[in-house]
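**Student:** Sharing a structure, written as structure tokens. Questions coming.
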Amino acid sequence: MATLLRSKLSNVATSVSHKSQAKMSGMFARMGFQAATDEEAVGFAHCDDLDMEHRQGLQMDILKSEGSDEGGEPPLEGDIHYQRDGTGPLPPSASKEACSELSGQGKPKITAWEAGWNVTNAIQGMFVLGLPYAILHGGYLGLFLIIFAAVVCCYTGKILIACLYEENEDGEIVRVRDSYVDIANACCAPRFPTLGGRIVNVAQIIELVMTCILYVVVSGNLMYNSFPNLPVSQKSWSIIATAVLLPCAFLKNLKAVSKFSLLCTLAHFVINILVIAYCLSRARDWAWDKVKFYIDVKKFPISIGIIVFSYTSQIFLPSLEGNMQNPKEFHCMMNWTHIAACILKGLFALVAYLTWADETKEVITDNLPSTIRAVVNIFLVAKALLSYPLPFFAAVEVLERSLFQDGNRAFFPNCYGGDGRLKSWGLTLRCALVVFTLLMAIYVPHFALLMGLTGSLTGAGLCFLLPSLFHLKLLWRKLLWHHVFFDVAIFVIGGICSVSGFIHSLEGLIEAFRTNAED
């Protein structure tokens, strides 16, 4: 009797523990998708990362009745536990239906309109403020590039989703992959089954960290230009902004931050409308003669990176498509979102450049009159500071999982204690990441250069190069000749633009770094 009682109590305790873990994982999955309502692609990168972790890194094991061994009773119905090292095999009796049902827990389906809202926020965030600067160095070719980038990113988003599906034995198209990392690993299998995923994760981390740096840079830049008479330099404003952001190192989740997502997005659209309204009020003075068919050979490659970076959304698309009520509407959703983005970005960039012509600055709001510049910039700074925790938390999640929590494959000891609390040295590493973004913002306080470098390095890779390469590798036997032509052309053109933009952006950053070091 005592043995039976102990066995039952042990099973109940295990059940409670496993239910708690399942609940937490579901909460994070929902939280990741909720954070995705923010305006930048980094929130969606976090969502895709959590989806990959939910489906790959954490394997679900349905507890099955162990029979009547020692008189023990079976676990409670529906108990689930997650094995972080991924070594626990599924029981033979575990049904596919049960696994599918459990994997969908905590992931509410969304409509095509909601998915389109997410994509729109991702590709029309606050970084569109740098597009008029791209027109300054590219003229009409810059406008053409805005249209071309929209068409290519829409196409590569579709072919990336196509790589998630394969034809089964019955000739039906079924979804066999769940994330960008899954696609990358499938392309590198069987010789290097994890190489592709590591490359994608590295690119994702770089983009997330660079996005954090850009938020600090733009905060310092906007505050300095809003109050030029104050004896506070741009570097000092960046330090103040980082001091405000330091509590991000203590974040456990993004539940509180995500509540401001919709407010930030709406505020950004209002700011864009205010800028356009001011530009339209000066329509009589527009400098049409300044827009020419010429390019600045040295600076236009940087503009390419700026434009590409403003369209980055591919990293989260697999997760978004998997959460749609009707995935067949994905292509239509991609069409109208990118058409709308192309029109709005083109008009915003052209109208702003016509208003200020050769005086166009890296962040277009710095061109506004001092009477309204301070108000607009303060709202933008608040938006940037509220947006910072999203890429920061996503980068921390990827780094912690890859380096400290990847089971036996982790490079370092687990940064969390047995009670689930973050260890002191883990917190120190988080603080160091915040300080690193500050140092980069101080030594390279150039919004356009950093944005161009990020767009040329990770933006072009994740949006142009990898989707076309994966499409050719996985589906080349079923592709029509024009699809093969498009994929090869995008890969070649994207590669040239990426290398050119990266070299010029890097040269500009090195020169800026030397100048600041001498000062």
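**Student:** Roll a 1.4 Å probe over the protein chains and send me the accessible area per residue for the stretch 293-373 in Å².
**Tutor:** Details: 3090 Å² over 81 residues.
Heavy-atom accessible area per residue stands at 38 Å².
**Student:** Residues with beta-carbon under 12 Å from that of residue 501, excluding residue 501: net charge, scoring Lys, Arg +1 and Asp, Glu -1? Intermediate results must be reported in sequence, preceding the final value.
**Tutor:** Values: positive: 298, 299; negative: 507.
Local charge sum for residue 501: +1.
**Student:** May I pose another question? Accessible area, 1.4 Å probe, largest first: how do 113, 286 sort?
**Tutor:** Numbers: 113 190, 286 50 Å².
So, going from the largest accessible area down, we get 113, 286.
**Student:** Looking at the stretch 170-249, which trypsin sites (Lys or Arg not before Pro) are DSSP coil and have at most 14 other C-beta atoms within 10 Å of their C-beta?
**Tutor:** On the way: sites: 175, 177, 191, 198, 235; in loops: 177, 191.
In loop regions of the stretch 170-249 (DSSP not H, G, I, E or B), the sparsely surrounded trypsin sites (Lys or Arg not before Pro) are 191.
**Student:** While we're here: Of 495, 234, 365, whose Cα points farthest to the positive end of the dipole of the stretch 110-516 (charges on the beta-carbon: +1 Lys, Arg; -1 Asp, Glu; origin at the Cα centre)?
**Tutor:** Towards the positive end, the residue furthest out is 234.
**Student:** If you roll a 1.4 Å probe over the stretch 110-516 with all protein chains in place, what percent of the accessible area is carbon or sulfur?
**Tutor:** Values: 12340 of 18010 Å².
With neighbouring chains kept in place, the figure for the stretch 110-516 is 69 percent.
**Student:** Please give the Cα centre distance for the stretch 449-505 versus the stretch 150-214, rounded to the nearest Å.
**Tutor:** 13 Å
**Student:** For the full complex of protein chains and a 1.4 angstrom probe, list 319, 500 by accessible area with the highest value first. If you can, show how the numbers build up before the last one.
**Tutor:** On the way: 319 0, 500 35 Å².
Descending accessible area places them as 500, 319.
**Student:** Using the Cα centre of the stretch 110-516 as origin and beta-carbon charges of +1 (Lys, Arg) and -1 (Asp, Glu), tell me which of 337, 190, 436 is placed farthest towards the positive end of the dipole.
**Tutor:** 436
**Student:** About the Cα centre of the stretch 110-516, what is the dipole size in debye to 20, counting +1 per Lys and Arg Cβ and -1 per Asp and Glu Cβ, all else neutral? Mind dumping the intermediate values first?
**Tutor:** Working: 29 positive and 25 negative charges, 132 e Å.
Charge dipole, the stretch 110-516, about its Cα centre: 640 debye, nearest 20.
**Student:** Next up: Starting from the Kirkwood Rh over alpha-carbon pairs, what translational D in µm² s⁻¹ does the stretch 110-516 have by Stokes-Einstein at 10 °C and 1.306 mPa s?
**Tutor:** Numbers: Rh = 22.3 Å.
Diffusion coefficient, whole number: 71 µm²/s.
**Student:** Rounded to the nearest Å, what's the spacing between the alpha carbon centres of the stretch 299-344 and the stretch 349-391? Just the number, please.
**Tutor:** Taking the Cα centre of the stretch 349-391 as reference, the centre of the stretch 299-344 is 23 Å away.
**Student:** What does the net charge come to around residue 329 if you take all other residues with beta carbon closer than 13 Å to its beta carbon, with K and R at +1 and D and E at -1?
**Tutor:** +1
**Student:** Work out, step by step, the length gained on full extension between residue 236 and residue 266: first 0.36 nm times the residue separation, then minus their alpha carbon distance; give nm to one decimal.
**Tutor:** Difference between extended and current length: 7.9 nm.
**Student:** What residues qualify as long-range amide H neighbours of residue 110, i.e. H under 5 Å apart, gap of 5 or more or another chain, H built at 1.01 Å from N?
**Tutor:** 324, 325
**Student:** Strictly over 19 Å apart at the Cα level, which of 158/478; 252/383; 298/361; 158/473 would you flag in this model? Before the final figure, lay out the partial values.
**Tutor:** On the way: 158/478 16 Å; 252/383 21 Å; 298/361 17 Å; 158/473 15 Å.
Among 158/478; 252/383; 298/361; 158/473, the Cα-Cα distance tops 19 Å for 252/383.
**Student:** Still on this structure, please answer the following. Got a sec? What order do 475, 141 fall in by accessible area at 1.4 Å, biggest, i.e. largest, first? Walk me through the numbers on the way to the answer.
**Tutor:** Details: 475 30, 141 75 Å².
Result, largest first: 141, 475.
The values are calculated or read from the model by the stated rules, or taken from the named source; none is laboratory data. Please read all numbers here as calculations on a predicted model, not as lab measurements. We place every Cβ from the backbone using ideal geometry, glycine too, and count neighbours over all the protein chains shown. All accessible areas refer to the heavy atoms of the entire protein, side chains included, with ligands and DNA or RNA removed. Shrake-Rupley method; radii C 1.70, N 1.55, O 1.52, S 1.80 Å.
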